[in-house]
Structures are given as C-alpha cells and as structure tokens.
Amino acid sequence: MSGTSTAQRGLSKRWAARRPPRALAAAGTLTVMCAGLAGCGGPSASVKLILSQASGPVGTVVQVSGQAGGGCSVPVNWHGFRFSRRGAGTSGPVADMTTSVATNGTWSASFPVPAYLGGKVGGTVAPGPYELVAHACKGHVVSTASFQVTSATNGTAPGTYVAMAATTTGAGYWTVQADGQVTAFGDAKTYGSISGPADQGATIVGIARTYDNGGYWLAASNGKVFPFGDAKTYGSLTSQASWGPVVGIAATPTGHGYWLLNEDGRVHGFGNARVEGQPPAGQAPYTAIAARPGGGYIVVAAFDAATYLFPGNVLQGGGAGTALSGAIVGATSTPSGNGAWDGGVDGGVVTIGDAVFHGSASGTSVVAKASLSAIAATPDGQGYWVLTTDGTVTGFGDAHVLPASNG
C-alpha cells in the first residue's frame, strides 16, 4: 500500500464474518451491534440532533450526530434518519439514511445536501426549510433538527476537486475541478481544460477517458459534455425536466459513447452507449455511475449504497437498512464488472460483489481537512485511489500516488 494515509486493515474480514446476506464490508461504515442494554430512546436519549451547520445550498456537506440511547441495533430497531421538506413527512420526497450506532447509543453521519429526493413521490430540492428526523428506536424518542436550503444551485466552489479517472496502464490518472481545470499525473497527459464557466449555474461533475488514454470527456451538472484530445462529441443532455442535475459520466469500453446519470437515477446514452435500464427512482438520490469493463454500467444510490448492475438490473449490494457513516459520492468497477468500490463522503470505502477491501481514508487526517469526492481503481483491481475536495490523492493496495505529468 502507498499513499498519504494509513489503511484501516482487517475491518472487512471482521464485518464479513457477521454480515447478513448482501451486507457490506466497509471501513468507516461498520455497524456496532448491541444487546442486553437499556432500551433505545430511554433516559439517555436526546430529542435534539446536532448539525455541523444549519443552512447552505445544495451540495453542502453536513455532519449530523445524535444520542439514541443504549440498546440500538441495526437493522433490528435502529434505522438512522430521514431528510425531507419540513412538514412533508413520509408522503413527500424523502431520503433515508441508516447509520452505524455505538453501544452507548451515539451515532454520526455525513452527507451532501442532495438536489433530488426519492421516496414514494420524488422531486427536486428547492430553497426552503427542511428537517432531519431520527427514526424512533423502540418507539420511545424521535430526534429532530432543522436545515435551511438557501439555493437549489450547487454551491461547490470553482476550485473544488470533484472527479478523477485512471489510465488503462494504472500508472496515471487525471483529477478535475468544478470549474473544469484538469491536472494529469503519471503517464496521463493533459489535453485541455475548460477556459471559462461550464455554463451559468453549472459545475463540472465527472470525467471519463477514451479507450486509448488519448483524451477525455468532462460532464457538467446541466448535461453538457466537453470533449478533449481524441474524445469525439456524441451529444449532450439538452433537457433535464425534473430529473435533478447530472451527477456523473461513464464511457463505453470502446470509447465510442458514454452515459450520463441524473440524480434521480435516470441514465442517458450517447454514441454506442445503450441504456440497459434504470434503477428505482424511489431510492434517489443517486450520485455515481461507472462503466463495467465488459459492457454495461453500475449505478449507486447515495444514502444506502444500493449498487445496481446493468444490463440485468441486479441489486448487487447495499440497499435499505445498509448502515453508512458517509453518503456515497463516487464508485468504480471491479475488473470483472460484477462488483464495485463505493466511496463515501467521510472517506469510507464500501465493497460490493467481488470487490476486495484495500483500505480507506475514514477517520484519518486526509478527510479531517476535506471530504472525499471521487474514487478510481487500478486496472488489476488490486488497489484504488481516493480524491478529496482539496485535491489530495491517496492510494491503497497497488495504487501509487504519482507526480504531476510533464505533458
């Protein structure tokens, strides 16, 4: 292993030994089971949730923590919290996130304020009052907090690092900032950056390379795609209706097409990228799409790590009741295409299918300064890099942190 932080070794093995079917192996996302203690929601519980901040635009990373009381157990009687418009309850758009809970009842989690909410009736997030409600544990106490969404336009600063892509050799990668500035490392070459704003109110959200490493596409939140190098133009998303912003791009193995993903889970194909299906809109927001090396794509939900493989519409892991300490913001496929590494905003790495855990940045100084924004795997699947919003790249397994490219 190499990189700027120390991997948390052995966690996935201990978790795998006690996990139920389709449970996850993850650093920073382990569920702490408890038994024989005072009932959740008892005298030690609190009706107040603590937020790192009480207002901000879409994209603001919020940490929420609470005290549920002793005796909580995932998924038996503890199901985390929900984020919804104030007063909407369960009938309106909502996002649910199950969290890990300690034996003393304390819990915390981080998530970016989404632009789209799922549930029975999904919808885009508009400015106004929202609330966080921690599900009652054993029916005793419900904890709440208020959050004011100040703008539906993503508030990510232009210099924030938002995405990365690795070369086919595993000896290079690109990172990209929200304003479209691209930096190349190792054997990756720079083919250009966006010289001005991607568009009014839009930010760059993803990068995908061509099959020969000779170019790349940048995708903006408004659906526009910008080609560089030998990347050809196959089209952009001209209308988003009420699907939420575009959150990611993935290129086909031949490089003759790409998919764009909206936050509601809608997938759009361009060039030879066939749309093989859509994940359930009720599990929105979705924040990551990755190409499967043999064809097709992987789509991942932010709040429960539900990881769907297409074609086939297979839920490979995650889903309702999956305990996370950080919402998922990025994903990368295993070499077989039958698994994925999902990166959490808190630096945790969730393994899906045949993905092997190599470490995570959760709990390290790397994510103490900035949140995780992207993850990319080495070609052999024996390692991966994670990128944080301040531009720090950390390698795990055989993923080496590389110097900036000269070309």
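Just so you know, all these numbers are worked out from the coordinates, no wet-lab data involved. What you are looking at is a predicted structure, and each value in this text was computed from that prediction instead of being measured. Don't worry about glycine lacking a Cβ; one is built from the backbone with ideal geometry, like all the others, and counts go over all protein chains shown.
Tabulated data
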quantity	calculated
FRET E, pair Arg86, Asp390, Förster distance 25 Å, beta-carbon r, rounded to 0.05	0.15
Nearest-0.05 FRET efficiency for Gln181 and His256, computed from C-beta distance (R0 30 Å)	0.65
Inter-label distance for Ala157 and Ser193, nm, one decimal - labels placed 7 Å from Cα along Cα-to-Cβ	1.5 nm
MRE, 222 nm, helices only [DSSP H, n ≥ 4, -39500 (n - 2.57), over the chain, to nearest 500]	-500 deg cm²/dmol
(i) 19, 35, 27, 15, 5, 0; (ii) 28, 56, 16, 0; (iii) 30, 59, 10, 0, with the label sought being that of the calculated P(r) over Cα pairs in 20 Å bins from 0, in percent	(iii)
Relative contact order %, segment 161-397, counting alpha carbon pairs below 8 Å whose residues are six or more apart	12 percent
Percent RCO, i.e. relative contact order, over segment 227-353, from Cα pairs under 8 Å lying at least 6 residues apart	16 percent
Nearby aspartates and glutamates by direct alpha-carbon distance to Lys48 (threshold 19 angstrom, same-chain neighbours under 8 apart not counted)	Asp96, Glu131
Pairwise FRET efficiency - Thr169 versus Ala54, Cβ, R0 = 51 Å, nearest 0.05	0.65
Rounded, prolate or oblate (a/c below 1.5 giving rounded, otherwise prolate when a/b exceeds b/c) for segment 362-407 by Cα gyration tensor	oblate
Given charges at beta-carbon only (K, R positive; D, E negative), |dipole| of segment 161-397 in Debye	260 debye
Distance in nm between pseudo-label sites at Val314 and Asp230 (7 Å out along the Cβ direction from Cα)	3.2 nm
Paramagnetic label zone (point 7 Å from Cα along Cα-to-C-beta, Asp212; backbone N under 13 Å) in segment 220-259	229-232, 255-256
Whole-angstrom gap from segment 342-407 to segment 243-294, using each part's C-alpha centre	22 Å
Potential extension, Thr238-Asp380 segment - 0.36 nm per residue separation minus Cα distance	47.5 nm
